[in-house]
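Read the structure below first, then the notes.
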Amino acid sequence: MQKLTLAEAVKLKSVLAKRIHGLEEEMDRVAFADIEKGSKLPEMPRSLGMVEKEMDEVRKDMRLLDKLVYKANIENDITFNNESLPIVEAIELATQYRAKARKFKEYGTAAREEFLYTVSENVSMVKMALFDPEQYRLKGLEAERQANRLSNLINNKNYLIELEFDSEKYF
């Protein structure tokens with residue numbers, strides 16, 4: 001059986017999802033015909049049954065591909081910051097680093113003190129940062145750097161892992 005890398009499998013999942021969407025649209029086109037009452041039905045290039053059969057085959061391949069990708073993501077590890085992580089955990093950690101970076105960068109753009117409104121002639125309300133925005137800007141950059149490092153390790157590993165899957169009919 002042919003093999004493909006885990007990286008190719010991830011791309012193929014996207015290709016299969018688009019293929020399924022296209023087949024659903026084709027089903028809509030071949031399932032109905034607008035004709036004058038009493039006239040002969042038009043000949044369609046493919047029947048609804050043919051399209052349905054192809055969709056079932058693509059969906060079966062999608063399930064197999066999902067199973068192989070999930071299995072590979074659990075069984076293969078990445079070393080990050082001197083710790084061995086299964087790929088599935090590394091993917092989640094990279095996602096968490098990106099979320100952390102986004103939030104920290106948001107705090108990094110905050111003003112230390114911001115005027116809100118005047119209560120009376122002598123009283124103004126201000127919003128005070130209870131943290132150092134510059135420190136959070138730097139923490140955000142570091143979290144983003146860690147996410148990028150981890151993503152690169154995941155991508156590199158994805159090109160080393162091979163899965164038993166015949167992708168010839170799609171690539």
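The values are calculated or read from the model by the stated rules, or taken from the named source; none is laboratory data. Owing to the predicted nature of the structure, the values given are computational and were not obtained by experimental measurement. No Cβ is skipped: glycine too gets one built from the backbone with ideal geometry, and neighbour counts run over all protein chains shown. SASA here: full protein model, heavy atoms, side chains in, ligands and nucleic acids out. Shrake-Rupley method; radii C 1.70, N 1.55, O 1.52, S 1.80 Å.
Straight-line reach from Lys71: which lysines have Cα under 24 Å away, leaving out those fewer than 8 places along the same chain?
Lys3, Lys11, Lys13, Lys18, Lys60, Lys157, Lys169
For every helix of n ≥ 4 consecutive DSSP H residues, a contribution of -39,500 (n - 2.57) applies; sum these over the chain, divide by its total residues, and give [θ] at 222 nm rounded to the nearest 500 deg cm²/dmol. Mind dumping the intermediate values first?
On the way: 4 runs with 104 residues, N = 171.
Dividing the helical sum by the residues of the chain leaves -21500 deg cm²/dmol.
With just the Cα atoms defining each centre, how far is region 1-37 from region 109-171? Give it in Å.
Taking the Cα centre of region 109-171 as reference, the centre of region 1-37 is 35 Å away.
Projected onto the charge dipole of region 36-130 (+1 at Lys/Arg Cβ, -1 at Asp/Glu Cβ, origin at the Cα centre), which of Gly108, Asn76, Val119 gives the Cα projection farthest towards the positive end?
Ranked along the dipole, the leading option is Val119.
Please give the contour-minus-distance gain from Asn152 to Asp28: 0.36 nm per residue of separation, less the Cα-Cα distance, rounded to one decimal in nm.
Length difference between fully extended and current span is 40.5 nm.
I'd like the Karplus ³J(HN,Hα) series for region 116-127: coefficients 6.51, -1.76, 1.60, θ = phi - 60°, whole numbers in Hz, and an x wherever there's a Gly or Pro.
9, 6, 9, 8, 8, 4, 10, 10, 10, 9, 10, 9
Highest mean first, what order results for 100-109, 85-94 on Cβ atoms within 10 Å?
Highest-to-lowest ranking by the protection proxy: 85-94, 100-109.
Return the lysines within reach of Lys127: Cα separation strictly under 30 angstrom, same-chain partners fewer than 8 residues apart disregarded; answer none if there are no such residues.
By straight Cα distance, Lys127 reaches Lys100, Lys103, Lys105, Lys139.
Work out the charge dipole of the chain with +1 on the Cβ of Lys and Arg and -1 on the Cβ of Asp and Glu about the Cα centre, then indicate which of Phe131, Val10, Met50 is farthest towards its positive end.
Farthest towards the positive pole: Phe131.
For the residue pair Phe131 and Glu57, what label-to-label distance in nm results when each label sits 7 Å from Cα along the Cα-to-beta-carbon direction?
5.5
Which of the trypsin sites (Lys or Arg not before Pro) found in region 110-171 are loop residues per DSSP with 16 or fewer other Cβ atoms within 10 Å of their Cβ?
Arg112, Lys169
Give me the 1.4 Å probe accessible area per residue for region 32-82, excluding ligands and nucleic acids, in Å².
Roughly 79 Å² per residue, with all protein chains present.
Take the solvent-accessible surface of the protein heavy atoms, probe 1.4 Å, and return the percent of it on the chain that carbon and sulfur atoms account for.
Its accessible area is 52 percent carbon and sulfur atoms.
Under a Cβ-only charge scheme (Lys and Arg +1, Asp and Glu -1), can you give me the dipole magnitude of the chain about the Cα centre, in debye to the nearest 20?
That gives the chain a dipole magnitude of about 220 debye.
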